[in-house]
Structure formats: C-alpha cells, structure tokens
Amino acid sequence: MEFRDDVRYARTHEWARREGDVVVCGISDYAQDSLGDVVFVQLPEVGVVKKRGEAFGVVESVKTTSDVHMPVSGKIVEINETLKERPDLLNTSPFEEGWLVKVQPTDPAELDELLSADDYRKYVEEEE
C-alpha cells in the first residue's frame, strides 16, 4: 500500500495535490485496493462548483459502487477523460494516470487541513 508524501488525504480516502494554481484530486491507493477492480467512473461536468466533502463522482468496481468526495472546495476545471475508456487506471496508477479531477480551489488553505501521509496511514490502520 502506497502512502505518498506529495499529496494530502481526506478521511473519505481521496487525495489532493497542489499543481500551480490548481489542485489535482484522486482516490488513495488504499481506496482503490478496497474497491477491487474498477469498471466504471462517473465524473462531474467541467465548471461545476462543489464544497469540500460533497460528492462529485462515482466509482464502480466489481465489488461495490462508491461516491467520491471533494477533498477541497472549488470549481472543477478539468476531468480525466481517459477514465471513460480506462477506468482500470484507478487501480494501476491512482496517483498519476488515474487522477479524477483538477479543481480551482476557493480556499487553498483547505489543502493544509487534510491529513499528511503519516496521519492518513495511522487513520487507515485504525479503520481496519
């Protein structure tokens, strides 16, 4: 299980990484492992504004269907179109090719309120 130091984590198992003026978001390695083989991803329209904690998409796997929540508040400025044809990228590359959305944050400080890799690892261990 990979816990990357270059991202911050939400307790709902999403990650967020600042890249310039935007925040790239995806699901954690723990989340994709728990879901099993991902077969479908539903993402929002570009331009949609969501608050931190709100559901913005759905990930469907062979085991279950799960909502994906915003780790930070903001406007969706890009979605990963590749996931429509290759939802399995969430399993094989959750931090790189399997990113979900890019967000223009309304409050960049929210990123700092998310869990560090060490804190997220402890949180996952307690949850199991």
| note | Inside region 16-30, the number of residues satisfying the requirement of being surrounded by 21 or more Cβ atoms within 10 Å (Cβ to Cβ) and under 16 Å from Leu43 (Cβ atoms) is 5
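Given the structure, is Arg17 part of a strand (DSSP E or B), of a type outside the set (Asp, Glu), closer than 26 Å to Glu113 by Cβ and touching a strand residue (DSSP E or B) at 6+ places or on another chain (Cβ under 8 Å)?
Numbers: part of a strand (DSSP E or B): yes; of a type outside the set (Asp, Glu): yes; closer than 26 Å to Glu113 by Cβ: yes; touching a strand residue (DSSP E or B) at 6+ places or on another chain (Cβ under 8 Å): yes.
The answer is yes for Arg17.
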| remark: Residues of region 63-106 being over 17 Å from Gln32 (Cβ atoms) and of a type in the set (Gly, Ala, Ser), in sequence order, are Ser73, Gly74
| request: Say whether the condition of being of a type in the set (Asp, Glu) and within 13 Å of the chain's Cα centre (by Cα) is met by at least one residue in region 36-53. | output: no
| Odd one out for Pro71 among (1) over 26 Å from Glu125 (Cα atoms); (2) surrounded by 14 or more Cβ atoms within 10 Å (Cβ to Cβ) | (1)
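Please report, ordered by residue number, the helices (runs of 4 or more DSSP H) entirely within region 57-128 with at least 2 residues that are in contact (Cβ under 8 Å) with a residue 24 or more places away in the chain and charged (D, E, K, R). Can you show your working first?
Details: elements: 82-85, 89-92, 117-127.
Correct list: 117-127.
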| task | Would you please name the residue that is farthest from the chain's Cα centre (by Cα), looking only at residues in region 82-112 that are of a type in the set (Asp, Glu) and either surrounded by 14 or more Cβ atoms within 10 Å (Cβ to Cβ) or more than 20 Å from Gln42 (Cβ to Cβ) (or both)? | result | Asp107
| message | Among the residues that make up region 40-60, is at least one of them more than 20 Å from Asp6 (Cα to Cα), surrounded by 20 or more Cβ atoms within 10 Å (Cβ to Cβ) and aromatic (Phe, Trp, Tyr)? | response | yes
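Yes or no: Arg11 charged (D, E, K, R), in a loop (DSSP other than H, G, I, E, B), surrounded by fewer than 18 Cβ atoms within 10 Å (Cβ to Cβ) and within 13 Å of the chain's Cα centre (by Cα)? I'd like the intermediate steps shown before the answer.
On the way: charged (D, E, K, R): yes; in a loop (DSSP other than H, G, I, E, B): yes; surrounded by fewer than 18 Cβ atoms within 10 Å (Cβ to Cβ): yes; within 13 Å of the chain's Cα centre (by Cα): yes.
Yes, satisfied.
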| Lone qualifier among Glu96, Glu78, Glu2 - being out of contact with any Ser or Thr (no Cβ under 7 Å at 6 or more places or on another chain) and at pLDDT below 95 | Glu2
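Before we move on, is Glu45 of a type outside the set (A, V, I, L, M), touching a residue at least 24 places away in the same chain (Cβ under 8 Å), out of contact with any helix residue (DSSP H, G or I) (no Cβ under 9 Å at 6 or more places or on another chain) and not in a strand (DSSP E or B)? First the steps, then the outcome.
Numbers: of a type outside the set (A, V, I, L, M): yes; touching a residue at least 24 places away in the same chain (Cβ under 8 Å): yes; out of contact with any helix residue (DSSP H, G or I) (no Cβ under 9 Å at 6 or more places or on another chain): yes; not in a strand (DSSP E or B): yes.
Yes, satisfied.
The values are calculated or read from the model by the stated rules, or taken from the named source; none is laboratory data. Since the model is a prediction, treat every value here as computed from it, not as a measurement. Cβ sites come from the backbone with ideal geometry, for glycine too, and all protein chains shown count toward neighbours.
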